[in-house]
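A short write-up of the structure that comes next.
Just so it is clear, none of the values below were taken in a lab; they were calculated from the coordinates. Everything numeric in this text was worked out from a predicted model, so none of it was measured. Glycine gets a Cβ as well: all are built from the backbone with ideal geometry, and neighbour counts include every protein chain shown.
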Amino acid sequence: AEAGRQISLFNNSGIYRFGDTNVVFIDPVRVLNRSYSRFYVSPSVYYSRFFQSSSYSTVNDVGASNCTRKRKRGKFSKKTLHELNSREIIADQRHQEVRPVLVNAHETLLEAGLLLEMMRNLRNDGSSGVKGDADSNRADSELDFVNLGRLWQKQFYEIILKCVESCDKSILPLFDNIVSNEGSDDVEAEIFGCKFILPKKSCFFMSDIGQIRNLVPAEADCGFNLIVIDPPWENSSAHQKLKYKTLPNRYFLSIPIKKLTHKVGALVALWVTNREKLRTFVENELFPKWGVKHAATFYWLKVKADGSLIGELDLFHHRPYECLLLGFSHAEDKNSEHLLRLLHIPNNQVFISIPGDYSRKPPVGELLVDYIPGSKPARCLELFSREMLSGWTSWGNEPLHFQRSKFFVSR
Ligand code: SAM
């Protein structure tokens, strides 16, 4: 009965809680869909990977696909402990420490029969809707915001917002400008004839990191209570199929976290890769420079539609999980520092999901609500964002990337 209740909660929220454990399963499509009233995020477009036919078939088939991968990445999988350099040894220690937590989380998932059944069909949910018309629009795939944003003409580019109910239109500068949909309905937008969907009560600021200071609010009580950051970290691995340009670490030191923080304080959630050099940089330089106190680490465990991990847990450099570091930033006022000390975040929470496009992270806001300082609804900010959500400000050089109409179906 409890599993049935969880499934029905999951259907509405996109979040499945495994009783009293530290584990949750997320369907990002259901979570994102809570931001829209006229459109659905298309599950078949979101789940572009890990639903291959082999993942539906027998255990043997899954084994076979793992073998091919092993051959391709053989040089990593064969690394033994004494071949590791000193940094890799520390990374391995971190991995060994969290390994039982992850194994346990994965076993918890594999015991949830009803959920596993649903997972196989996540990609087909809502497939009866009308698909976004931009698929046939060739210009859409050529619209590259990162490159457009480099042109001097960018100051003249505009976005047209169309309110469906009232036929109202507004035309606003596309770059270096806060564009918001304050209404309680989705808005259709147009740029060079290409269509985008903006969720209710959402807002974006599209700029290069050089202009990030323009996000700093004039008043301290207009700052943010939750700041999620997924930086374009440099990655030495040539195997990584990166779809965006990376930035050297020193650029991130200049992000004005303190000035973006609400006067009652903010929870800061930072995505990091498993590279030890990066973890050291964050712990010893970045968090201290930002004034963020590390409070807990959460893990995103990535599975296929059949519930198996997307890769071997112990494969060096290709772990099937990523880390979300959580910390608090307090505003200038001392009182906020004191209040933040009262907030406790349990360590080692694990959230499991089937990954979408490359580097696309699941929406984690819901999982963090209990640890966000200040009154509700919290003011939320995502840095280096590629999508929009209700109640959030999305900043980056391509925050409209996943808002193209081809990612949606209409209700
Ligand atoms: N969290 C995102 C998601 O789930 O889709 C992925 C973010 S990705 C790791 C990093 C983002 O930073 C990319 O969209 C990239 O284009 C952007 N970026 C890279 N260089 C930038 C710069 N100089 N200024 C602003 N954004 C930049």
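Some points to look at:
- Stretchable slack from D221 to E111, in nm (0.36 nm times residue separation minus alpha-carbon distance): 35.0 nm
- Cα-projected label distance for K243 with N124, points at 7 Å along beta-carbon direction, nm: 2.5
- Shape category assigned to the chain from the gyration tensor of Cα positions, a/c cut at 1.5: rounded
- Hydrophobic long helices, here whole DSSP H runs in the chain with Kyte-Doolittle means of at least 1.0 and Cα atoms spread over 27 Å or more along the helix axis, are not found.
- Peptides ranked, highest mean first, by Cβ atoms within 10 Å: ranges 84-94, 345-355, 308-318, 381-391: 381-391, 345-355, 308-318, 84-94
- Reported to the nearest whole Å, the Cα centre-to-centre distance from the range 154-217 to the range 333-411 is 19.
- Highest-fluctuation residue, G210, G356, G307 considered, GNM on the chain with Cα pairs under 10 Å: G210
- The protection proxy used here, the mean number of other Cβ atoms lying within 10 Å of each residue, ranks peptides 295-305, 396-406 as follows, highest first: 396-406, 295-305.
- Between E366 and S254, the simple label model (points 7 Å from Cα in the Cβ direction) yields a spacing of 3.8 nm.
- Highest-first arrangement of 274-286, 189-201, 154-166, where packing means the average Cβ count within 10 Å: 189-201, 274-286, 154-166
- Taking L110, L215, L342 in turn, the Gaussian network model of the chain (Cα-Cα springs below 10 Å) assigns the largest fluctuation to L342.
- The range 279-411 shape via C-alpha gyration tensor axes, a/c threshold 1.5: oblate
- Working note: 222 nm ellipticity from helices only, DSSP H runs with n ≥ 4, each -39,500 (n - 2.57), summed and divided by the residues of the chain, gives -7000 deg cm²/dmol to the nearest 500.
- Working from Cα pairs under 8 Å separated by at least six residues, relative contact order for the range 258-345 is 45 percent.
- Extension gain from S375 to E165, taking 0.36 nm per residue of separation minus the Cα-Cα distance: 72.5 nm
- 15 Å cut-off, amide nitrogen to a point 7 angstrom out along E158 Cα→Cβ, residues in the range 191-216: 191-194
- Relative contact order for the chain, counting Cα pairs under 8 Å that sit 6 or more residues apart, in percent: 23
- Long pairs among K200/K245; K289/K361; K259/K289; K200/K263; K154/K406; K162/K200, criterion Cα-Cα beyond 19 Å: K200/K245; K289/K361; K200/K263; K154/K406
- Backbone N within the range 184-204 under 19 Å of label point (7 Å from L151 Cα along the Cβ vector): 190-196
- Among K169, K361, K293, residue whose mean-square fluctuation peaks in a GNM of the chain (springs only between Cα atoms under 10 Å): K169
- Estimated distance in nm for a label pair at D185 and S44, the labels positioned 7 Å out from Cα along Cα-to-Cβ: 2.8
- Here the chain carries DSSP beta bridges of which approximately 65% are antiparallel, counting only pairs with both residues inside.
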